[in-house]
Amino acid sequence: MKAHLLFEQSGTFKNAFIKNGVQAYDYDILNDFGETDFQIDIFKEIQEAYMGGRSVFDTFSQEDIIFAFFPCTRFEDQVNLSFRGDSFQMKRYTDEQKLETCIKLHNERAMLYEKISQLVVVCLRKRLKCVIENPYSAQHYLKQYWCIKPKIIDMDRRQNGDYYKKPTQYWFINFEPKNNFIFEPLEYVETKTINHVKKRDGISRQVQRSLIHPQYADRFIRERIL
């Protein structure tokens with residue numbers, strides 16, 4: 001068994017898998033953290049695999065685990081403010097500027113919706129085990145407009161040792177999550193508030209908000225996957 005972490009630059013889950021004796025690799029088009037093992041365009045690989053061409057998915061085994069931290073910025077609640085023209089940066093936009101922005105956002109959302117759906121189709125066709133992570137909220141686009149239902153919704157990640165409460169949903173494709181018990185105390189982790197996250201060490205605010213504490217990654221893997 002190997003673990004293939006898609007869209008993960010930080011190496012957090014990769015290193016947690018390795019800690020638990022599983023070979024693991026990060027795949028991303030960027031390498032800002034120096035943890036990306038295969039610097040590739042994952043969207044292109046998904047498209048190639050979906051169309052029946054050669055792709056990185058050909059190297060994955062049915063015994064492996066794919067863990068995809070799929071880009072979420074066009075699925076989250078915040079983007080709905082822009083579609084309504086109510087986001088702060090659009091405050092002084094003309095109606096024409098608002099509409100042009102909405103067209104761009106809608107096209108980006110459509111592309112991401114297509115790619116996440118194609119990813120699941122590829123995994124179903126190849127019988128590959130896959131976990132997909134995304135935020136959870138009442139207005140999240142995938143919650144309302146996707147036919148695949150999450151198997152786990154974590155309403156407060158702090159309870160398993162993370163920085164943030166940040167409700168998160170997980171889809172499990174071709175396998176069911178485990179329900180293992182971990183009998184050990186949590187190490188103290190200082191709680192962070194998403195609204196107060198700032199750019200640091202050249203890492204953008206958006207990326208900082210997406211980071212997960214290693215303790216949470218380790219416990220999730222042992223509780224739900226291994």
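The values are calculated or read from the model by the stated rules, or taken from the named source; none is laboratory data. Quick caveat, the model's predicted, so the values are computed rather than measured. Every residue, glycine among them, receives a Cβ derived from its backbone with ideal geometry; neighbour counts consider all protein chains shown. With ligands, DNA and RNA removed, areas are computed over all heavy atoms of the protein, side chains included. Shrake-Rupley method; radii C 1.70, N 1.55, O 1.52, S 1.80 Å.
Contact map, region 174-191: residues that are within 30 Å of Leu128 (Cβ to Cβ) and open to solvent by 100 Å² or more (accessible area, probe 1.4 Å) paired with residues that are part of a loop (DSSP other than H, G, I, E, B) and modelled with pLDDT of 90 or more, Cβ distance under 8 Å, separation 6+ or inter-chain. Pairs shown: Glu176/Lys151.
In this structure, is Phe69 more than 22 Å from Ala3 (Cα to Cα), open to solvent by less than 50 Å² (accessible area, probe 1.4 Å), within 15 Å of the chain's Cα centre (by Cα) and not basic (Lys, Arg)? Before you say what the answer is, go through the steps one by one.
Numbers: more than 22 Å from Ala3 (Cα to Cα): no; open to solvent by less than 50 Å² (accessible area, probe 1.4 Å): yes; within 15 Å of the chain's Cα centre (by Cα): yes; not basic (Lys, Arg): yes.
In short, no.
Cβ separations smaller than 8 Å between residues 6+ apart or across chains give the following pairs from region 19-36 residues that are closer than 17 Å to Phe57 by Cβ to residues that are of a type in the set (Asp, Glu) and open to solvent by 70 Å² or more (accessible area, probe 1.4 Å): Tyr25/Asp37; Asp26/Asp37; Tyr27/Asp37.
Scanning region 85-142 for residues that are open to solvent by 90 Å² or more (accessible area, probe 1.4 Å), under 30 Å from Thr59 (Cβ atoms) and not in a helix (DSSP H, G or I) gives a single hit, Arg127.
Looking at Phe83, Phe69, which is the one that is among the aromatic types (Phe, Trp, Tyr), under 25 Å from Gln139 (Cα atoms) and out of contact with any helix residue (DSSP H, G or I) (no Cβ under 6 Å at 6 or more places or on another chain)?
Phe69
When region 143-155 is filtered for residues that are among the basic types (Lys, Arg) and either over 25 Å from Met1 (Cα atoms) or surrounded by fewer than 13 Cβ atoms within 10 Å (Cβ to Cβ) (or both), the ones remaining, listed by number, are Lys143, Lys149. In region 35-64, what residues are in a loop (DSSP other than H, G, I, E, B) and open to solvent by 60 Å² or more (accessible area, probe 1.4 Å)? Selection gives Asp37, Asp41, Met51, Gly52, Arg54, Gln62, Glu63.
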